[in-house]
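The values are calculated or read from the model by the stated rules, or taken from the named source; none is laboratory data. Predicted model, so just to flag it, every value in this text is computed and none were measured. Because the Cβ atoms are built from the backbone with ideal geometry, glycine has one as well, and the counts that use them run over all protein chains shown. Only protein heavy atoms, including side chains, enter the accessible area calculation; ligands, DNA and RNA are left aside. Shrake-Rupley method; radii C 1.70, N 1.55, O 1.52, S 1.80 Å.
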Amino acid sequence: MTTAPEPGDSAAADAVTWVEDGTSRSAPWLTTGSQKPPKKVVVVDDALRADDAMRLTSEGAALLWRGDYQGARQLLDALKRRLDRLRVKADPDPAVTFHRHRQARGHRTRILGMVLIELGDDFAVDLRRAPDIRAACRAAYGDDAAPGVASLQELLGAVGAHEWRRRGVEIPALGARIHPHYGVFAPTRNEYVDLVAEAELPAAATAPGSVAFDIGTGTGVLAAVLARRGVARVVATDIEARAVACAADNVDRLGYGDRVEVVRTDVFPDGRADLLLCNPPWVPASPTSSLEMGVFDRRGQMLADFVRGIPGHLTDGGEAWLVLSDLAERLGLRTREQLTDLFEGSGLTVLGRVDTRPRHPRAVEGDAGTGAGRDPLATARTAEVVSLWRLASRHA
Ligand SMILES: C[S@@+](CC[C@H](N)C(=O)[O-])C[C@H]1O[C@@H](n2cnc3c(N)ncnc32)[C@H](O)[C@@H]1O
(Lines give C-alpha, C1' and ligand atoms only; values in the text may rest on other atoms or scores of the structure.)
Protein backbone atom coordinates (compact mmCIF):
# COMPACT_ATOMS: atom_id res chain seq x y z
CA MET A 1 0.00 0.00 0.00
CA THR A 2 1.40 3.37 -0.89
CA THR A 3 0.44 7.01 -0.84
CA ALA A 4 1.64 8.78 -3.97
CA PRO A 5 2.86 12.38 -3.82
CA GLU A 6 1.43 15.03 -6.04
CA PRO A 7 3.49 15.31 -9.25
CA GLY A 8 5.97 18.20 -9.31
CA ASP A 9 5.10 18.68 -5.66
CA SER A 10 7.85 21.13 -4.81
CA ALA A 11 8.48 22.91 -8.14
CA ALA A 12 7.57 26.56 -7.54
CA ALA A 13 5.42 28.72 -9.80
CA ASP A 14 7.25 32.09 -9.38
CA ALA A 15 8.66 33.86 -12.44
CA VAL A 16 12.12 35.13 -13.45
CA THR A 17 12.20 38.29 -15.55
CA TRP A 18 15.05 39.84 -17.56
CA VAL A 19 15.75 42.12 -20.52
CA GLU A 20 17.37 40.58 -23.58
CA ASP A 21 18.09 42.35 -26.89
CA GLY A 22 15.99 45.25 -25.65
CA THR A 23 12.96 43.03 -24.99
CA SER A 24 11.52 42.25 -21.59
CA ARG A 25 11.18 38.51 -21.06
CA SER A 26 10.00 36.20 -18.32
CA ALA A 27 9.86 32.47 -17.59
CA PRO A 28 8.73 30.29 -14.68
CA TRP A 29 11.30 29.81 -11.91
CA LEU A 30 12.11 26.15 -11.51
CA THR A 31 13.35 25.08 -8.10
CA THR A 32 13.11 21.89 -6.09
CA GLY A 33 13.47 23.81 -2.86
CA SER A 34 12.23 27.04 -1.37
CA GLN A 35 14.72 29.40 -3.06
CA LYS A 36 12.99 32.53 -4.29
CA PRO A 37 13.58 33.60 -7.92
CA PRO A 38 16.41 36.13 -8.28
CA LYS A 39 15.13 39.72 -8.52
CA LYS A 40 17.88 40.93 -10.84
CA VAL A 41 19.01 38.90 -13.86
CA VAL A 42 21.67 39.80 -16.44
CA VAL A 43 22.27 37.89 -19.66
CA VAL A 44 25.86 36.64 -20.00
CA ASP A 45 27.96 34.33 -22.16
CA ASP A 46 31.51 32.95 -22.48
CA ALA A 47 32.94 36.49 -22.62
CA LEU A 48 32.20 36.95 -18.89
CA ARG A 49 35.29 36.70 -16.68
CA ALA A 50 35.08 34.74 -13.43
CA ASP A 51 36.05 37.78 -11.32
CA ASP A 52 33.25 39.81 -12.89
CA ALA A 53 30.84 36.93 -12.29
CA MET A 54 31.89 36.86 -8.64
CA ARG A 55 31.34 40.62 -8.34
CA LEU A 56 27.94 40.55 -10.08
CA THR A 57 26.62 37.61 -8.02
CA SER A 58 27.92 39.17 -4.79
CA GLU A 59 25.96 42.33 -5.72
CA GLY A 60 22.83 40.19 -6.06
CA ALA A 61 22.64 39.78 -9.86
CA ALA A 62 21.91 36.32 -11.23
CA LEU A 63 23.59 35.35 -14.52
CA LEU A 64 21.42 33.89 -17.27
CA TRP A 65 23.86 31.90 -19.35
CA ARG A 66 23.68 32.05 -23.17
CA GLY A 67 27.14 30.66 -23.94
CA ASP A 68 28.54 27.16 -24.24
CA TYR A 69 27.09 24.72 -21.63
CA GLN A 70 30.51 23.43 -20.63
CA GLY A 71 31.62 27.06 -20.28
CA ALA A 72 28.89 27.56 -17.68
CA ARG A 73 30.18 24.55 -15.76
CA GLN A 74 33.69 26.01 -15.85
CA LEU A 75 32.37 29.32 -14.57
CA LEU A 76 30.67 27.52 -11.67
CA ASP A 77 33.96 25.76 -10.84
CA ALA A 78 35.77 29.10 -10.93
CA LEU A 79 33.21 30.59 -8.52
CA LYS A 80 33.65 27.57 -6.21
CA ARG A 81 37.41 28.08 -6.14
CA ARG A 82 36.95 31.72 -5.18
CA LEU A 83 34.41 30.86 -2.48
CA ASP A 84 36.71 28.16 -1.12
CA ARG A 85 39.35 30.79 -0.47
CA LEU A 86 37.10 32.67 1.98
CA ARG A 87 38.05 31.96 5.58
CA VAL A 88 35.80 31.60 8.60
CA LYS A 89 37.28 32.80 11.89
CA ALA A 90 37.46 30.02 14.46
CA ASP A 91 36.07 30.78 17.94
CA PRO A 92 36.99 29.03 21.19
CA ASP A 93 33.30 28.05 21.41
CA PRO A 94 32.74 25.28 18.81
CA ALA A 95 29.06 26.23 18.51
CA VAL A 96 30.02 29.77 17.39
CA THR A 97 32.50 28.38 14.83
CA PHE A 98 29.85 25.98 13.60
CA HIS A 99 27.26 28.77 13.12
CA ARG A 100 29.80 30.90 11.24
CA HIS A 101 30.40 27.94 8.98
CA ARG A 102 26.69 27.53 8.38
CA GLN A 103 26.46 31.19 7.38
CA ALA A 104 29.39 30.78 5.00
CA ARG A 105 27.72 27.68 3.60
CA GLY A 106 24.47 29.60 3.05
CA HIS A 107 26.39 32.37 1.24
CA ARG A 108 28.12 29.78 -0.96
CA THR A 109 24.78 28.10 -1.79
CA ARG A 110 23.27 31.48 -2.73
CA ILE A 111 26.18 32.55 -4.98
CA LEU A 112 26.44 29.20 -6.75
CA GLY A 113 22.68 29.22 -7.29
CA MET A 114 22.97 32.39 -9.38
CA VAL A 115 24.24 30.88 -12.62
CA LEU A 116 21.01 30.22 -14.50
CA ILE A 117 20.08 28.07 -17.48
CA GLU A 118 16.88 28.30 -19.51
CA LEU A 119 15.14 24.99 -20.15
CA GLY A 120 12.85 24.55 -23.13
CA ASP A 121 9.97 22.16 -23.69
CA ASP A 122 10.49 18.84 -21.94
CA PHE A 123 13.59 20.33 -20.24
CA ALA A 124 15.70 20.48 -23.41
CA VAL A 125 18.78 22.74 -23.05
CA ASP A 126 19.39 24.84 -26.16
CA LEU A 127 23.10 25.60 -25.59
CA ARG A 128 26.22 24.41 -27.41
CA ARG A 129 27.64 21.13 -26.02
CA ALA A 130 24.64 20.67 -23.69
CA PRO A 131 23.97 17.08 -22.57
CA ASP A 132 20.50 15.53 -22.55
CA ILE A 133 19.29 16.14 -18.99
CA ARG A 134 15.58 15.67 -19.67
CA ALA A 135 15.07 12.49 -17.63
CA ALA A 136 16.99 13.91 -14.65
CA CYS A 137 14.89 17.11 -14.76
CA ARG A 138 11.62 15.19 -14.96
CA ALA A 139 12.66 13.24 -11.84
CA ALA A 140 13.61 16.41 -9.96
CA TYR A 141 10.87 18.85 -11.07
CA GLY A 142 8.04 16.46 -11.93
CA ASP A 143 6.65 15.51 -15.35
CA ASP A 144 4.19 18.36 -15.34
CA ALA A 145 6.58 21.24 -14.64
CA ALA A 146 6.46 24.00 -17.27
CA PRO A 147 9.63 25.03 -19.17
CA GLY A 148 11.53 27.71 -17.27
CA VAL A 149 14.77 28.93 -15.77
CA ALA A 150 16.73 26.95 -13.16
CA SER A 151 20.06 27.22 -11.39
CA LEU A 152 22.84 25.23 -13.03
CA GLN A 153 24.05 24.10 -9.62
CA GLU A 154 20.65 22.53 -8.94
CA LEU A 155 20.55 20.98 -12.43
CA LEU A 156 23.95 19.35 -11.90
CA GLY A 157 22.66 17.98 -8.57
CA ALA A 158 19.61 16.59 -10.35
CA VAL A 159 21.80 14.88 -12.95
CA GLY A 160 24.03 13.30 -10.26
CA ALA A 161 21.01 12.19 -8.23
CA HIS A 162 19.39 10.65 -11.28
CA GLU A 163 22.43 8.48 -11.90
CA TRP A 164 22.49 7.47 -8.25
CA ARG A 165 18.83 6.54 -8.36
CA ARG A 166 19.43 4.42 -11.46
CA ARG A 167 22.35 2.54 -9.93
CA GLY A 168 21.14 2.35 -6.31
CA VAL A 169 23.13 2.00 -3.09
CA GLU A 170 24.14 -1.47 -1.87
CA ILE A 171 22.75 -2.24 1.61
CA PRO A 172 24.45 -5.34 3.03
CA ALA A 173 21.83 -5.68 5.81
CA LEU A 174 19.17 -6.09 3.11
CA GLY A 175 21.29 -8.03 0.64
CA ALA A 176 19.86 -5.62 -1.92
CA ARG A 177 20.11 -2.12 -3.32
CA ILE A 178 18.11 0.93 -2.25
CA HIS A 179 17.34 3.51 -4.95
CA PRO A 180 17.31 7.06 -3.53
CA HIS A 181 15.13 9.59 -5.36
CA TYR A 182 16.22 13.20 -5.87
CA GLY A 183 16.28 15.10 -2.58
CA VAL A 184 15.75 12.05 -0.35
CA PHE A 185 18.28 11.22 2.38
CA ALA A 186 20.40 8.39 0.97
CA PRO A 187 21.67 5.55 3.18
CA THR A 188 25.30 5.89 2.12
CA ARG A 189 26.43 5.04 5.66
CA ASN A 190 25.79 1.44 6.57
CA GLU A 191 26.72 1.58 10.25
CA TYR A 192 23.37 2.97 11.40
CA VAL A 193 21.47 0.52 9.19
CA ASP A 194 23.49 -2.32 10.77
CA LEU A 195 22.56 -1.09 14.26
CA VAL A 196 18.89 -1.50 13.36
CA ALA A 197 19.53 -4.83 11.62
CA GLU A 198 21.39 -6.28 14.61
CA ALA A 199 19.82 -4.86 17.80
CA GLU A 200 17.75 -7.39 19.76
CA LEU A 201 14.08 -7.00 18.89
CA PRO A 202 11.51 -6.93 21.71
CA ALA A 203 9.42 -10.13 21.67
CA ALA A 204 6.27 -8.13 20.92
CA ALA A 205 7.80 -6.86 17.65
CA THR A 206 8.04 -10.31 16.04
CA ALA A 207 4.83 -11.83 17.48
CA PRO A 208 2.00 -12.52 15.00
CA GLY A 209 0.23 -9.26 14.20
CA SER A 210 3.16 -7.11 15.40
CA VAL A 211 3.35 -3.51 14.22
CA ALA A 212 6.30 -1.12 13.92
CA PHE A 213 6.36 2.58 12.97
CA ASP A 214 9.39 3.88 11.07
CA ILE A 215 9.25 7.64 11.59
CA GLY A 216 10.97 9.76 8.91
CA THR A 217 11.51 6.81 6.59
CA GLY A 218 13.44 8.59 3.79
CA THR A 219 14.22 5.89 1.22
CA GLY A 220 12.36 3.29 3.34
CA VAL A 221 15.61 1.49 4.14
CA LEU A 222 14.92 0.95 7.86
CA ALA A 223 11.28 -0.03 7.27
CA ALA A 224 12.57 -2.69 4.85
CA VAL A 225 15.09 -3.91 7.43
CA LEU A 226 12.30 -4.32 10.01
CA ALA A 227 10.09 -6.17 7.51
CA ARG A 228 13.01 -8.43 6.65
CA ARG A 229 13.54 -9.13 10.36
CA GLY A 230 9.99 -10.44 10.70
CA VAL A 231 7.88 -7.51 11.92
CA ALA A 232 4.42 -8.37 10.56
CA ARG A 233 3.41 -4.83 9.55
CA VAL A 234 5.36 -1.59 9.30
CA VAL A 235 3.87 1.88 8.92
CA ALA A 236 6.57 4.20 7.53
CA THR A 237 6.00 7.96 7.63
CA ASP A 238 7.68 10.98 6.13
CA ILE A 239 6.72 14.62 5.88
CA GLU A 240 8.30 14.97 2.40
CA ALA A 241 6.30 13.81 -0.62
CA ARG A 242 9.51 12.82 -2.43
CA ALA A 243 10.50 10.53 0.43
CA VAL A 244 7.05 8.92 0.54
CA ALA A 245 7.23 8.12 -3.20
CA CYS A 246 10.81 6.90 -2.85
CA ALA A 247 10.11 4.64 0.14
CA ALA A 248 7.02 3.19 -1.56
CA ASP A 249 9.11 2.47 -4.66
CA ASN A 250 11.86 0.76 -2.65
CA VAL A 251 9.62 -1.41 -0.47
CA ASP A 252 7.73 -2.53 -3.59
CA ARG A 253 10.97 -3.40 -5.40
CA LEU A 254 12.11 -5.41 -2.37
CA GLY A 255 8.83 -7.35 -2.21
CA TYR A 256 7.59 -5.83 1.08
CA GLY A 257 4.86 -3.69 -0.46
CA ASP A 258 2.09 -5.78 1.14
CA ARG A 259 3.55 -5.39 4.67
CA VAL A 260 4.92 -1.85 4.62
CA GLU A 261 2.51 1.06 4.34
CA VAL A 262 4.09 4.44 3.54
CA VAL A 263 2.17 7.53 4.60
CA ARG A 264 2.86 11.23 4.35
CA THR A 265 2.38 12.71 7.78
CA ASP A 266 4.06 14.85 10.41
CA VAL A 267 5.99 12.43 12.69
CA PHE A 268 3.53 9.75 13.95
CA PRO A 269 0.62 8.04 12.23
CA ASP A 270 -2.47 7.27 14.34
CA GLY A 271 -2.40 4.37 16.75
CA ARG A 272 0.23 2.43 18.66
CA ALA A 273 3.04 0.07 17.70
CA ASP A 274 5.25 -2.53 19.38
CA LEU A 275 8.37 -0.90 17.97
CA LEU A 276 8.83 2.81 17.25
CA LEU A 277 11.92 3.58 15.21
CA CYS A 278 13.32 6.97 14.25
CA ASN A 279 16.57 8.14 12.70
CA PRO A 280 16.06 11.93 12.79
CA PRO A 281 18.46 14.42 11.17
CA TRP A 282 21.41 14.49 13.58
CA VAL A 283 22.36 18.14 13.79
CA PRO A 284 20.05 20.79 15.35
CA ALA A 285 20.63 23.62 12.85
CA SER A 286 18.78 25.22 9.94
CA PRO A 287 19.20 23.58 6.53
CA THR A 288 20.47 25.96 3.81
CA SER A 289 18.88 23.94 1.01
CA SER A 290 16.24 21.24 0.66
CA LEU A 291 19.04 18.71 0.15
CA GLU A 292 20.28 19.37 3.68
CA MET A 293 16.98 18.55 5.34
CA GLY A 294 17.98 14.95 6.07
CA VAL A 295 21.03 16.18 8.01
CA PHE A 296 19.84 19.33 9.79
CA ASP A 297 16.86 19.42 12.15
CA ARG A 298 15.76 23.02 12.85
CA ARG A 299 15.97 23.52 16.65
CA GLY A 300 16.01 19.72 17.09
CA GLN A 301 12.26 19.71 16.49
CA MET A 302 11.89 16.27 14.96
CA LEU A 303 13.98 14.64 17.68
CA ALA A 304 11.86 16.29 20.38
CA ASP A 305 8.56 15.48 18.64
CA PHE A 306 9.52 11.83 18.29
CA VAL A 307 10.72 11.40 21.88
CA ARG A 308 7.74 13.24 23.40
CA GLY A 309 5.31 11.24 21.29
CA ILE A 310 6.65 7.83 22.33
CA PRO A 311 4.40 7.22 25.38
CA GLY A 312 1.29 7.98 23.34
CA HIS A 313 2.22 5.56 20.53
CA LEU A 314 3.90 2.60 22.22
CA THR A 315 2.08 -0.59 23.19
CA ASP A 316 2.71 -2.17 26.63
CA GLY A 317 5.92 -4.18 26.36
CA GLY A 318 6.99 -2.26 23.28
CA GLU A 319 10.27 -0.40 22.68
CA ALA A 320 11.28 2.78 20.94
CA TRP A 321 14.58 2.87 19.05
CA LEU A 322 16.21 6.23 18.48
CA VAL A 323 19.20 6.30 16.14
CA LEU A 324 21.35 9.35 16.88
CA SER A 325 24.96 10.36 16.51
CA ASP A 326 26.81 12.47 19.07
CA LEU A 327 27.82 14.99 16.36
CA ALA A 328 25.63 17.69 17.92
CA GLU A 329 27.37 17.19 21.27
CA ARG A 330 30.80 17.41 19.64
CA LEU A 331 29.77 20.66 17.92
CA GLY A 332 28.55 22.18 21.20
CA LEU A 333 24.96 22.30 19.90
CA ARG A 334 23.45 19.94 22.48
CA THR A 335 24.69 18.31 25.68
CA ARG A 336 24.24 14.68 26.65
CA GLU A 337 22.30 15.92 29.70
CA GLN A 338 19.83 17.79 27.48
CA LEU A 339 19.18 14.56 25.62
CA THR A 340 18.71 12.44 28.75
CA ASP A 341 16.57 15.22 30.28
CA LEU A 342 14.37 15.02 27.18
CA PHE A 343 13.95 11.26 27.77
CA GLU A 344 13.28 11.78 31.46
CA GLY A 345 10.85 14.65 30.91
CA SER A 346 8.93 12.57 28.35
CA GLY A 347 8.33 9.78 30.89
CA LEU A 348 10.85 7.40 29.31
CA THR A 349 13.39 5.04 30.69
CA VAL A 350 16.59 4.01 28.86
CA LEU A 351 16.64 0.21 28.50
CA GLY A 352 20.04 0.20 26.82
CA ARG A 353 22.24 1.70 24.14
CA VAL A 354 24.29 0.17 21.35
CA ASP A 355 27.18 2.30 20.03
CA THR A 356 29.10 2.08 16.81
CA ARG A 357 31.77 4.10 15.01
CA PRO A 358 31.07 5.28 11.45
CA ARG A 359 33.00 3.60 8.68
CA HIS A 360 32.41 6.17 5.96
CA PRO A 361 35.60 7.77 4.55
CA ARG A 362 35.01 11.22 6.03
CA ALA A 363 34.80 9.76 9.55
CA VAL A 364 38.02 7.86 9.05
CA GLU A 365 40.10 10.48 7.22
CA GLY A 366 38.43 13.73 8.15
CA ASP A 367 37.75 16.24 5.43
CA ALA A 368 38.74 19.84 4.95
CA GLY A 369 35.18 20.59 3.85
CA THR A 370 34.50 23.33 1.38
CA GLY A 371 36.77 26.24 2.05
CA ALA A 372 36.56 28.57 4.99
CA GLY A 373 39.25 26.70 6.88
CA ARG A 374 38.56 23.33 8.35
CA ASP A 375 34.86 22.44 8.49
CA PRO A 376 33.95 21.81 12.16
CA LEU A 377 31.36 19.28 11.06
CA ALA A 378 34.03 17.27 9.24
CA THR A 379 36.39 17.51 12.21
CA ALA A 380 33.67 16.29 14.59
CA ARG A 381 32.95 13.40 12.25
CA THR A 382 36.39 11.91 12.79
CA ALA A 383 35.42 11.11 16.40
CA GLU A 384 31.66 10.59 15.96
CA VAL A 385 29.80 7.77 17.75
CA VAL A 386 26.41 6.61 16.43
CA SER A 387 24.03 5.11 18.98
CA LEU A 388 20.81 3.17 18.99
CA TRP A 389 18.97 4.18 22.18
CA ARG A 390 16.42 1.60 23.42
CA LEU A 391 13.66 3.46 25.23
CA ALA A 392 10.43 2.44 26.96
CA SER A 393 7.62 4.19 28.81
CA ARG A 394 8.44 4.43 32.52
CA HIS A 395 4.93 3.53 33.54
CA ALA A 396 4.36 0.64 31.13
C1 LIG B 1 18.00 11.46 8.59
S2 LIG B 1 16.69 11.15 7.50
C3 LIG B 1 16.47 9.41 7.82
C4 LIG B 1 15.88 8.66 6.66
C5 LIG B 1 15.81 7.13 6.86
N6 LIG B 1 15.00 6.76 8.00
C7 LIG B 1 17.19 6.56 7.04
O8 LIG B 1 17.53 6.17 8.17
O9 LIG B 1 17.94 6.50 6.06
C10 LIG B 1 15.31 11.91 8.31
C11 LIG B 1 14.01 11.82 7.58
O12 LIG B 1 12.99 12.40 8.39
C13 LIG B 1 12.09 13.10 7.57
N14 LIG B 1 11.38 14.08 8.41
C15 LIG B 1 11.83 15.28 8.85
N16 LIG B 1 10.90 15.87 9.62
C17 LIG B 1 9.84 15.02 9.68
C18 LIG B 1 8.57 15.06 10.33
N19 LIG B 1 8.21 16.09 11.07
N20 LIG B 1 7.72 14.00 10.17
C21 LIG B 1 8.08 12.93 9.40
N22 LIG B 1 9.27 12.85 8.76
C23 LIG B 1 10.14 13.88 8.90
C24 LIG B 1 12.95 13.69 6.50
O25 LIG B 1 12.19 14.03 5.35
C26 LIG B 1 13.95 12.55 6.25
O27 LIG B 1 13.49 11.69 5.25
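Starting from the 7 Å offset along Cα-to-Cβ, what nm value, one decimal, do you get for the label separation of Asp121 and Thr382?
Computed distance between label sites Asp121 and Thr382 equals 5.6 nm.
As a test of reading the structure, rank His107, His181, His99, His395 by solvent-accessible area (1.4 Å probe, protein chains only), most first.
Solvent-accessible surface, decreasing: His395, His99, His107, His181.
What base-10 log of the normalised intensity I(q)/I(0) is obtained for the chain from the Debye formula, alpha carbons as equal point scatterers, at q = 0.10 Å⁻¹?
-0.72
Please report, for the Cα atoms of the stretch 15-165, the Rg to one decimal and the Dmax as a whole number; what are they, in angstrom?
Spelled out, the Cα radius of gyration and Dmax of the stretch 15-165 are 16.3, 54 Å.
Gain in length, Ala232 to Ala78, computed as 0.36 nm per residue apart minus the alpha-carbon separation, to one decimal in nm?
50.1 nm
I want to check the label-to-label distance for Gln301 and Ala146. Put each point 7 Å from Cα in the C-beta direction and report it in nm to one decimal.
Taking the two extended label points, one gets 3.0 nm.
With a 1.4 Å probe and all protein chains kept in place, how much accessible area does Met114 have, in Å² rounded to the nearest 10?
Here the accessible area works out near 30 Å².
Per DSSP H run of n ≥ 4, the term is -39500 (n - 2.57); total these for the chain, divide by its residue number, and report the mean residue ellipticity at 222 nm rounded to 500 deg cm²/dmol.
Roughly -10000 deg cm²/dmol at 222 nm, from the helical runs in the chain.
If amide hydrogens are placed 1.01 Å from N in the peptide plane, which non-local residues have theirs closer than 5 Å to the one on Gly67?
Asp46
How far is helix 336-345 tilted, in degrees, relative to the longest principal axis of the Cα atoms in the chain, given as a value from 0 to 90 rounded to the nearest 10?
60 degrees
Taking amide H positions as placed 1.01 Å from N in the peptide plane, with prolines and chain starts having none, which residues 5 or more places from Ser325, or on another chain, fall under 5 Å of its amide H?
Ser387
Please report the antiparallel percentage of DSSP beta bridges with both residues in the chain, rounded to the nearest 5.
Details: 28 of 56 bridges.
The antiparallel fraction comes to roughly 50 percent.
Along the Cα→Cβ direction, 7 angstrom out, place labels at Glu163 and Leu86. What is the inter-label distance in nm?
So the label points at Glu163 and Leu86 sit 2.8 nm apart.
What's log10 of I(q)/I(0) for the stretch 177-303 at q = 0.18, 0.22 Å⁻¹, Debye sum over Cα points only, no solvent?
Taking Cα atoms of the stretch 177-303 as identical point scatterers yields -0.93, -1.36.
Specify, per residue and in Å³, the volume enclosed by the convex hull of the alpha carbon atoms belonging to the stretch 170-393.
113 Å³
Using alpha carbon centroids, what distance separates the stretch 221-282 and the stretch 11-50, in Å?
When both Cα centres are located, 39 Å separates them.
What is the distance in Å between the Cα centroid of the stretch 71-132 and that of the stretch 293-363?
For the stretch 71-132 versus the stretch 293-363, the Cα centre distance is 32 Å.
Using alpha carbons only, how many degrees (0 to 90, rounded to 10) separate the axis of helix 301-313 from the longest principal axis of the chain?
Approximately 30 degrees, to the nearest ten.
Which longest uninterrupted range of the chain lacks any GluC sites (Glu not before Pro) assigned by DSSP to a loop state (not H, G, I, E or B) and surrounded by at most 15 other Cβ atoms within 10 Å?
Numbers: sites that count: Glu59, Glu200.
The segment 201-396 is the longest one with no such site.
Which of the trypsin sites (Lys or Arg not before Pro) across the stretch 112-148 are loop residues per DSSP, with 13 or fewer other Cβ within 10 Å?
Loop-located and lightly packed - Arg128, Arg129.
To check you understand DSSP bridge types, tell me what percent of the beta bridges within the stretch 15-165 (both residues inside) are antiparallel, rounded to 5.
Details: 11 of 19 bridges.
Beta bridges within the stretch 15-165, antiparallel portion: roughly 60 percent.
How large is the accessible surface of Ser24 in square angstrom, using a 1.4 angstrom probe and rounding to the nearest 10?
Approximately 90 Å² of Ser24 is accessible to the 1.4 Å probe.
Extension gain Asp52-Asp21, at 0.36 nm per residue separation less the Cα-Cα distance, in nm?
Going from the current span to full extension adds 9.1 nm.
At R0 = 30 Å, how high is the FRET efficiency between Ala207 and Arg253 if r is their beta carbon distance? Nearest 0.05 is fine.
Using R0 = 30 Å, I get an efficiency of 0.65.
Under the Kirkwood approximation applied to all pairs of distinct alpha-carbon atoms, what is the hydrodynamic radius of the stretch 147-217 in Å?
On the way: mean 1/r = 0.0667 Å⁻¹.
It is 15.0 Å.
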